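Each reported figure results from applying straightforward, stated rules to the coordinates on display, with no laboratory input. Values in this document were obtained by computation on a predicted structure and should not be read as measured data. As a convention, Cβ positions derive from the backbone with ideal geometry for all residues, glycine included, and neighbour counts pool all protein chains shown.
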Amino acid sequence: MTYDVAVLNKMIDNLTMNIKMFSAYSNVEHRLAEMVQERRNLAALVENDGVLDANQVRPDVMFYSATAGADTSWWG
């Protein structure tokens with residue numbers, strides 16, 4: 001499976017902003033760690049030109065779709 005690198009980069013930017021925002025709060029270390037790991041996974045996918053390797057984690061489908069411009073409002 002191949003992902004659009006431009007969309008992946010937007011996802012990374014979004015996670016970076018969220019990490020900065022969450023860093024201002026206490027007791028969110030676990031969530032921060034999850035976001036940092038997700039950002040690393042996306043960066044690895046970008047380095048692989050968007051081609052999903054057998055050893056890589058798939059991006060969140062809803063996050064990817066929403067970032068790509070899909071209407072995800074009905075996903076409840």
* To do: Please indicate, with yes or no, whether at least one residue in segment 53-69 is among the small types (Gly, Ala, Ser), free of Cβ contacts under 8 Å to residues at least 60 places away in the same chain and in a helix (DSSP H, G or I).
  => yes
* Asked: Is one or more of the residues making up segment 26-46 of a type in the set (A, V, I, L, M), assigned to a loop (DSSP other than H, G, I, E, B) and surrounded by fewer than 16 Cβ atoms within 10 Å (Cβ to Cβ)?
  -> yes
* Asked: Taking segment 14-29, which residues are of a type outside the set (Val, Ile, Thr) and either more than 18 Å from Asp60 (Cα to Cα) or touching a strand residue (DSSP E or B) at 6+ places or on another chain (Cβ under 7 Å) (or both)?
  -> Lys20, Met21, Phe22, Ser23, Ala24, Tyr25, Ser26, Asn27, Glu29
* Asked: Of the residues that sit in segment 47-76 and are of a type in the set (S, T, N, Q) and surrounded by 12 or more Cβ atoms within 10 Å (Cβ to Cβ), which one is nearest to Asn9 (Cα to Cα)?
  -> Thr67
* Structure fact -> Going through (1) surrounded by 15 or more Cβ atoms within 10 Å (Cβ to Cβ); (2) assigned to a helix (DSSP H, G or I) one by one, Met21 fails only at (1)
